[in-house]
Amino acid sequence: MPATRIIRSVCVYCGSSPGRLEAYSTAARALGQALVDRNIRLVYGGASVGIMGLVADTVLQLGGQAVGVIPEALMRREIAHRHLTELHITRSMHERKSMMADLSDGFIALPGGLGTLEELFEIWTWAQLGLHDKPCGLLNVEGYFDALITFLDHAVAEQFVSPAQGSRLLVEGSAGPLLDRFLASGPPAAAARWIEATET
Ligand code: AMP
């Protein structure tokens, strides 16, 4: 039987908006539930708004742990969540992202906007560089990411992204199967040089 990976905390990137469809909110709550069911702590951007806030609210309502990391400058704009297990306030966006990455054993993007996409691509790029070996996943709710997945297949076909890096991003339509793939992804490679990642 293959070794399972220990996943204590998962970082969730997602919209600071609710999005157009109720399905996005439903998926955010389902992800919160799936985390608590597996005793996994949530790490996220620390806001109370959008589907970000919904994931955190669900985790807390179900008795789980939710850790927020928010830059000082965004405290008011994104309306920081006041009832989290922990709220870290950072000096910069860079510090926020490296702390979120450092605190987490895997990364999931739910539907979101430019911030979500930027965060997903950055953490995936760090994996490509060998700076970490933590699983990265996409929750393709209601086909929100279909066009992006098609484009990424195109980037592999055009040989700008290697098939190995292309398949590193795990894609599922719902949270439970995605988290189960994280847990089944085997032990991390020994040589991940995480400290260097946070210094780039
Ligand atoms: P969005 O997906 O645009 O709704 O943003 C989701 C989260 O990403 C929010 O917590 C934003 O603070 C964050 N974010 C927005 N812009 C950026 C950026 N340029 N780099 C990193 N994170 C960002």
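The values are calculated or read from the model by the stated rules, or taken from the named source; none is laboratory data. On a predicted model such as this, the values are computed, not experimentally measured, just so you know. Cβ atoms come from the backbone with ideal geometry, glycine included; neighbour counts cover every protein chain shown. Accessible surface is based on the protein model in full, side chains and every heavy atom, while ligands, DNA and RNA are left aside. Shrake-Rupley method; radii C 1.70, N 1.55, O 1.52, S 1.80 Å.
Please specify each residue of segment 140-164 satisfying the condition of being without any contact (Cβ under 8 Å) to a residue 12 or more places away in the chain, assigned to a helix (DSSP H, G or I) and open to solvent by 50 Å² or more (accessible area, probe 1.4 Å).
Asp146, Ala147, Thr150, Phe151, His154, Ala157, Pro163, Ala164
Determine which single condition Ser167 fails, assuming it passes every other condition in (1) open to solvent by less than 40 Å² (accessible area, probe 1.4 Å); (2) more than 18 Å from Gly19 (Cα to Cα); (3) without any contact (Cβ under 8 Å) to a residue 60 or more places away in the chain; (4) among the small types (Gly, Ala, Ser).
(1)
From the set of residues in segment 163-193 that are more than 15 Å from Arg5 (Cβ to Cβ) and among the charged types (D, E, K, R), which is modelled with the highest pLDDT?
To start, the set of residues in segment 163-193 that are more than 15 Å from Arg5 (Cβ to Cβ) comprises 163-167, 169, 171-177, 191, 193.
Within this subset, residues satisfying the condition of being among the charged types (D, E, K, R) are 172, 193.
Numbers: Glu172: 98, Arg193: 51.
Here the residue is Glu172.
Glu196 fails exactly one of the following numbered conditions: (1) of a type in the set (D, E, K, R); (2) surrounded by fewer than 12 Cβ atoms within 10 Å (Cβ to Cβ); (3) at pLDDT below 95. What is the number of that condition?
(2)
Rundown of residues vs (1) of a type in the set (Gly, Ala, Ser); (2) more than 25 Å from Glu95 (Cβ to Cβ), yes/no style:
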residue: Gly15; (1), (2): yes, no
residue: Leu21; (1), (2): no, yes
residue: Gln33; (1), (2): no, yes
residue: Asp37; (1), (2): no, yes
residue: Arg41; (1), (2): no, no
residue: Gly45; (1), (2): yes, no
residue: Arg82; (1), (2): no, no
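Provide a single number: the residues in segment 55-75 that are open to solvent by 40 Å² or more (accessible area, probe 1.4 Å) and more than 14 Å from the ligand (Cβ to nearest atom).
6
When the residues of segment 96-129 are narrowed to those that are among the acidic types (Asp, Glu) and within 9 Å of the ligand (Cβ to nearest atom), which ends up nearest to Ala34 (Cα to Cα)? Quick ask: steps written out before the conclusion?
Keep residues of segment 96-129 that are among the acidic types (Asp, Glu), which gives 102, 105, 118-119, 122.
Subset that is within 9 Å of the ligand (Cβ to nearest atom): 118-119, 122.
Numbers: Glu118: 24, Glu119: 22, Glu122: 25 Å.
By that ranking, first place goes to Glu119.
Going by the structure shown, is Glu119 touching a residue at least 12 places away in the same chain (Cβ under 8 Å) and surrounded by 20 or more Cβ atoms within 10 Å (Cβ to Cβ)?
Values: touching a residue at least 12 places away in the same chain (Cβ under 8 Å): yes; surrounded by 20 or more Cβ atoms within 10 Å (Cβ to Cβ): yes.
Yes; evaluated as a whole, the condition is true for this residue.
Working only within segment 1-44, note down all residues that are open to solvent by 70 Å² or more (accessible area, probe 1.4 Å), polar (S, T, N, Q) and outside any loop (DSSP other than H, G, I, E, B).
The answer is Thr26, Gln33.
Of the residues Glu118, Glu95, only one is in a helix (DSSP H, G or I), over 30 Å from Thr26 (Cβ atoms) and not aromatic (Phe, Trp, Tyr); which? Step through it out loud before you land on a result.
Working: Glu118 fails: over 30 Å from Thr26 (Cβ atoms).
After applying the criteria, what remains is Glu95.
Working only within segment 60-78, note down all residues that are touching a strand residue (DSSP E or B) at 6+ places or on another chain (Cβ under 6 Å) and outside any strand (DSSP E or B).
Taking segment 60-78 first, the residues touching a strand residue (DSSP E or B) at 6+ places or on another chain (Cβ under 6 Å) are 60, 65-72, 78.
Leu60, Gln65, Glu72, Glu78 - these are the residues of segment 60-78 that are touching a strand residue (DSSP E or B) at 6+ places or on another chain (Cβ under 6 Å) and outside any strand (DSSP E or B).
Could you please find all residues in segment 38-54 being more than 10 Å from the ligand (Cβ to nearest atom) and free of Cβ contacts under 8 Å to residues at least 60 places away in the same chain?
First, pick out the residues of segment 38-54 that are more than 10 Å from the ligand (Cβ to nearest atom): 38-43, 48, 53-54.
Hits for segment 38-54 are Asn39, Arg41, Leu42, Ser48, Gly53, Leu54.
Just give me the residues in segment 81-102 being under 19 Å from Val49 (Cα atoms) and either within 20 Å of the chain's Cα centre (by Cα) or surrounded by 15 or more Cβ atoms within 10 Å (Cβ to Cβ) (or both), in sequence order. Show your work before the answer.
The initial filter retains those residues of segment 81-102 that are under 19 Å from Val49 (Cα atoms), namely 81-90, 93, 96-97, 100.
Matches in segment 81-102: His81, Leu84, Thr85, Glu86, Leu87, His88, Ile89, Thr90, Met93, Arg96, Lys97, Met100.
For Glu78, all conditions in the list (1) open to solvent by 20 Å² or more (accessible area, probe 1.4 Å); (2) closer than 23 Å to Leu117 by Cβ; (3) modelled with pLDDT of 95 or more; (4) not aromatic (Phe, Trp, Tyr) hold save one; what is the number of the exception?
(3)
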